[in-house]
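S.K.: Structure incoming, see below.
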Amino acid sequence: MGTKGWIIFATVAALLLGGLVYMSSANRIDVSGYDINKIISADEKNGNIGDNVFGNKSSKVVLIEYGDYQCPGCGSAYARVKPITDKYQGQIAFVFRNLPITSLHPNARAAAAVAQAAGLQGKYWEMYDKLFSSQNAWSGASVSDRTTIFRGYAESIGLKLDQYDKDVTSEAVNKKINFDQAIFKRTGFQQATPTFTLDGKQVPEDVWGSDDKLDAFVRDAITAAGIELPAAEKK
């Protein structure tokens, strides 16, 4: 087998191995009793770490992203989604669930753990912003370098570092990430990041890939739910 053949073989093997690891962790968790289209509370199966929710937790309109912090597409989507979730934070709930695809993005699961560790100190969304806004700085880092970079982020957002060091490698955080993967598996969607759902329906790529279309899509869902739009958005 020539050099090109070995490269192709190694790439395919890595993808298959990553897929098997994902399927194995997802298949070990029974999530049949959960309403995957609503906010999921903390319990033993998710390490007592509930959904990461931004905005109005009581809203009938729930936008969910299954995302990977190292995924370039998720990085692009972040720049589109954040202004919308900020604009409609009084009207909708935005949920980010972990779907690290480590066969393609070797630092993705570590980044998910970092965000969840920050969440245990009440700063999930600060770390979420930091990881996506700085994606290019750490996505290609080695294991040792990414650890140093991520710890620096933890310090910059004011985390207690001793607690962060414990939480980032904890069983609770590991269970939370595995749980989110299992929840995604139940959707039946093809594994891809980002994947968005709004009120249980998958958001088409041409919608979440456009600022105007995504804004209109969310606005229509808010209006359909009988929720008053922000004052600045009323026409």
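S.K.: Residues that are more than 16 Å from residue 124 (Cα to Cα) and charged (D, E, K, R): does region 67-80 have at least one? Walk me through it before giving the result.
M.R.: As a first pass, look at region 67-80 and keep what is more than 16 Å from residue 124 (Cα to Cα): 70-77, 79-80.
Those still in the list that are charged (D, E, K, R) too: 80.
Among the residues of region 67-80, at least one is more than 16 Å from residue 124 (Cα to Cα) and charged (D, E, K, R), which makes the answer yes.
S.K.: Just give me the residues in region 36-49 being assigned to a loop (DSSP other than H, G, I, E, B), closer than 16 Å to residue 170 by Cβ and open to solvent by less than 20 Å² (accessible area, probe 1.4 Å), in sequence order.
M.R.: Answer for region 36-49, where residues must be assigned to a loop (DSSP other than H, G, I, E, B), closer than 16 Å to residue 170 by Cβ and open to solvent by less than 20 Å² (accessible area, probe 1.4 Å): 47, 49.
S.K.: Please enumerate the residues belonging to region 50-72 that are under 16 Å from the mean Cα position of the chain (by Cα), closer than 14 Å to residue 96 by Cα and open to solvent by 40 Å² or more (accessible area, probe 1.4 Å).
M.R.: Across region 50-72, the qualifying residue is only 54.
S.K.: Does at least one position in region 200-208 carry a residue that is closer than 20 Å to residue 69 by Cα, out of contact with any Ser or Thr (no Cβ under 8 Å at 6 or more places or on another chain), open to solvent by less than 10 Å² (accessible area, probe 1.4 Å) and at pLDDT 95 or above?
M.R.: Taking every residue of region 200-208 in turn, none turns out to be closer than 20 Å to residue 69 by Cα, out of contact with any Ser or Thr (no Cβ under 8 Å at 6 or more places or on another chain), open to solvent by less than 10 Å² (accessible area, probe 1.4 Å) and at pLDDT 95 or above.
S.K.: Mind counting the residues in region 133-144 that are assigned to a helix (DSSP H, G or I), over 23 Å from residue 81 (Cβ atoms) and of a type in the set (A, V, I, L, M, F, W, C)?
M.R.: First pass over region 133-144, keeping only residues assigned to a helix (DSSP H, G or I): 133, 135-138, 143-144.
With the extra rule that they be over 23 Å from residue 81 (Cβ atoms), the set shrinks to 143-144.
Those left that are additionally of a type in the set (A, V, I, L, M, F, W, C): 143.
Residues meeting the conditions: 1.
S.K.: Related question: Considering 109, 97, which residue is touching a strand residue (DSSP E or B) at 6+ places or on another chain (Cβ under 9 Å), charged (D, E, K, R) and farther than 19 Å from residue 197 by Cβ?
M.R.: Numbers: 97 fails: farther than 19 Å from residue 197 by Cβ.
Selected residue: 109, the only one of 109, 97 that is touching a strand residue (DSSP E or B) at 6+ places or on another chain (Cβ under 9 Å), charged (D, E, K, R) and farther than 19 Å from residue 197 by Cβ.
S.K.: Hey, another quick one. Take the residues of region 148-188 that are of a type in the set (Val, Ile, Thr), part of a helix (DSSP H, G or I) and out of contact with any strand residue (DSSP E or B) (no Cβ under 9 Å at 6 or more places or on another chain): which is nearest to residue 51 (Cα to Cα)? Outline the logic, then answer.
M.R.: Just the residues of region 148-188 that are of a type in the set (Val, Ile, Thr), to begin with: 148-149, 157, 168-169, 173, 177, 183, 187.
Next, from what is left, pick out any that are part of a helix (DSSP H, G or I): 148-149, 173, 177, 183, 187.
Okay, now just the ones that are also out of contact with any strand residue (DSSP E or B) (no Cβ under 9 Å at 6 or more places or on another chain), so 148-149, 173.
On the way: 148: 27, 149: 25, 173: 12 Å.
Top of the filtered list is 173.
S.K.: If you go through region 158-193, how many residues are in contact (Cβ under 8 Å) with a residue 12 or more places away in the chain and over 28 Å from residue 45 (Cβ atoms)?
M.R.: 1
Okay, residues lined up against (1) polar (S, T, N, Q); (2) part of a helix (DSSP H, G or I); (3) in contact (Cβ under 8 Å) with a residue 40 or more places away in the chain; (4) surrounded by 19 or more Cβ atoms within 10 Å (Cβ to Cβ):
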| site | (1), (2), (3), (4) |
| --- | --- |
| 75 | no, yes, yes, yes |
| 86 | no, yes, no, no |
| 97 | no, no, yes, yes |
| 104 | no, no, yes, no |
| 112 | no, yes, yes, yes |
| 115 | no, yes, yes, yes |
| 122 | no, no, no, no |
| 131 | no, yes, yes, yes |
| 146 | no, yes, no, yes |
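The values are calculated or read from the model by the stated rules, or taken from the named source; none is laboratory data. Computed from a predicted structure; not experimentally measured. When we count neighbours, we look across all protein chains shown, and the Cβ atoms used for this are built from the backbone with ideal geometry, even at glycine. All accessible areas refer to the heavy atoms of the entire protein, side chains included, with ligands and DNA or RNA removed. Shrake-Rupley method; radii C 1.70, N 1.55, O 1.52, S 1.80 Å.
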